[in-house]
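For reference, the structure is listed below as structure tokens.
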Amino acid sequence: MKTIRSSFSLSLESKLDDPNMFKHDLQQSFAPVTEPIKTFLNEPLPKGVGWANTLGSALLATIVIQVVTGMLLAIYYSPNAEVAYESILYIENHVLFGRAIRGVHHYAASAMVILIFLHMLRTFFWGAYKHPREMTWVLGVVLFLVVLGFAFTGYLLPWDMKAYFATKVGIHVGGVMPVLGKYIIQLMQGGSEMSTLTLSRFFALHIIVLPLVLILIVIGHIYFVRFHGPTPPGKREEELVKYSHRFFPVQLLKDSTVAFLAVVILLFLAVYYGAPLEAKADPTDTEYVPRPDWYFYALFQLLKIFEGPLEIIGAVIIPGAFFTILLLLPFIDRNPARAFAKRPVVLSLGVACTIGILALTTWGSYSGNRAKDGLVAGGAVSDSAMVSAQYDPARGETLFVGLECAGCHDAASAGDNIPPGLEFSGNKYKLAWLAGYLQHPHRVRWLKRNERPVAKMPNFDLTPQQAGDMASFLLTLRLDKKFPEVDFDFAEADSDMVISGKTLFGDYGCDGCHTIAGQGDAIGPELTRVGAKLQDDYLYHLFKNPQSIIPGTVMKDARLDDIDVEDLVAYLRTLK
């Protein structure tokens, strides 16, 4: 033992006495880490490699950003249809930098699609998919599909109107596939309708399955890129190549600059604009126009072109053929030439496909905006559609908190509480009226006959946009269990029902408490424009059981049957 200790001491002393020997041993210890880095930094690059080759690094930086922001969001997100939307609002308004984190994650998704598309275009036009880089290209195409998978599965998670209905269309596209269609729908949806089962499956795919696949593909792709090296622009594989510089420092600086600019742009968009959020998903809304995010516009437009029995062409055949050709491209195009002049047919087809994709995307964007503008201008638009077109509930909640509205509206709705509770505003009010009232508040509550109103909300001088944002937030406050869906579409009420309802209004003495166009007694709320203010289903449940809706209300329960209630609502909804 003494001999071992003495020899160890002598060895250590000799190394300390000889700094070069100690340095050499240290270098040997870290060689497995430092040598690959040295090889990477000193890699010789062919002449012509420069700014166009920075797209891959920018894409990798964006992927890292997505992983980090995704983990932060997953800490607070709840994949449950009942509270998923509320968890997004919580992230936006209560989590430190939550709005910025979600914004970066949202815009980075678009950045990934743009960068990988441009990266693949550069690879295609430079002929970098040719032998011996076939597997590099194939893994790149698979990576593109995985990125689109991330975009699709993450799209549903906010559980707002746009997410719900766009995903519903996407699931339907999968159902068009022959033989496997119904199984795809069952697997993705988890039931007859989209629900918590759907949300939890998409969440699992988004944060577990796809990330694992992504990591494996990125590692494989980078391995093949490093193994074969950068493609010499315009040169055949066997041609003599001039290596003009090394990766460090010039190319590293270019890669870092582009990646840094991408991060700065994402931060700017996230902080200045934030991620959009529409009203909470309402599966019963039949007027909402589903719109995907821009990177699915081309596919969405194909579905419009090929409708009915031809739907399978736009949903399956064209997209399937496109990606199949992309995967097999290196094996189909065996021409070893990479120069533009020697590849006229392939390049012409590539240009045509690129123009086609951009044209379909632009067409889809234009037609969607025109449809939205037509709905709003024509007035045939639901509250949720107006929210999606103009207003941001997240900004509305921020305004609600900032103005301390809960300081007055803190109690549940009851007959004697003034101001009213807001816990089921989304079941009660219509957006246009609520936004108008918030911009120009007025006295609306009476206690006794001929007595002045006892409550008036302060005028906060809200702009139309601010009033709409706050109204759209209030519409997210719902108690759907208290207001089950009425089994009648009041939009189909005929003139006989309206006449009957007007007669019943007088027969039951409703005009003894309410005025309409100056007629009647002003004890209760005025009903001159009640059809523009209150939702049909709310009026129905209020007539059926007023005490259940507003405990302690002075409104009498006339114990009306369903037909009479439907007639009354049919009449009141015409008062606009």
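Of all residues in region 479-499, at least one satisfies being among the hydroxyl-bearing types (Ser, Thr, Tyr) and more than 21 Å from Ala432 (Cβ to Cβ). Residues of region 184-199 that are surrounded by 19 or more Cβ atoms within 10 Å (Cβ to Cβ) and either in contact with a strand residue (DSSP E or B) (Cβ under 8 Å, 6 or more places away or on another chain) or touching a residue at least 40 places away in the same chain (Cβ under 8 Å) (or both): Met194, Thr198, Leu199. What do you reckon, is Ile207 within 29 Å of the chain's Cα centre (by Cα), within 20 Å of Gly140 (Cα to Cα), of a type in the set (A, V, I, L, M) and in a helix (DSSP H, G or I)? So Ile207 fails the test.
Do we find that Ala522 is surrounded by 13 or more Cβ atoms within 10 Å (Cβ to Cβ), of a type in the set (Gly, Ala, Ser) and at pLDDT below 80 in this structure? Answer is yes for this residue. Hey, can you tell me all the residues within region 223-248 that are under 20 Å from Phe125 (Cα atoms) and free of Cβ contacts under 8 Å to residues at least 40 places away in the same chain? The answer is Glu239, and nothing else. So, in region 238-279, of the ones that are under 17 Å from the mean Cα position of the chain (by Cα) and not in a helix (DSSP H, G or I), which residue ends up surrounded by the most Cβ atoms within 10 Å (Cβ to Cβ)? Once the filter is applied, the top-ranked residue is Leu277. Only one entry of Phe202, Phe124, Phe150, Phe165 meets the criterion of being part of a helix (DSSP H, G or I), out of contact with any helix residue (DSSP H, G or I) (no Cβ under 6 Å at 6 or more places or on another chain) and crowded, with 18+ Cβ neighbours inside 10 Å, and that entry is Phe165. Of all residues in region 81-97, exactly one satisfies the criterion of being under 17 Å from the mean Cα position of the chain (by Cα), among the charged types (D, E, K, R) and closer than 27 Å to Gly191 by Cα, namely Glu86. From the list Asn93, Asn53, the lone residue that is in a helix (DSSP H, G or I), crowded, with 21+ Cβ neighbours inside 10 Å, in contact (Cβ under 8 Å) with a residue 12 or more places away in the chain and out of contact with any Leu (no Cβ under 6 Å at 6 or more places or on another chain) is Asn53.
Of everything in region 463-483 that's touching a residue at least 40 places away in the same chain (Cβ under 8 Å) and assigned to a loop (DSSP other than H, G, I, E, B), which residue is nearest to Ala281 (Cα to Cα)? The qualifying residue nearest to Ala281 (Cα to Cα) is Thr476. Please identify the pairs in which a residue from region 145-160 that is outside the structural domain of Glu278 (by TED's automatic domain parsing) and under 15 Å from Thr69 (Cα atoms) has its Cβ atom under 9 Å from the Cβ atom of a residue that is at pLDDT below 95 and part of a helix (DSSP H, G or I), counting only partners at least 6 apart or on another chain. The qualifying pairs do not exist here. Within region 525-550, the set of residues being modelled with pLDDT under 80 and farther than 15 Å from Tyr429 by Cβ comprises Glu526, Thr528.
The values are calculated or read from the model by the stated rules, or taken from the named source; none is laboratory data. Note that the structure is predicted; figures quoted are calculated from it, not measured. Heads up, the Cβs are rebuilt from the backbone with ideal geometry, glycines too, and the neighbour counts pull from every protein chain shown.
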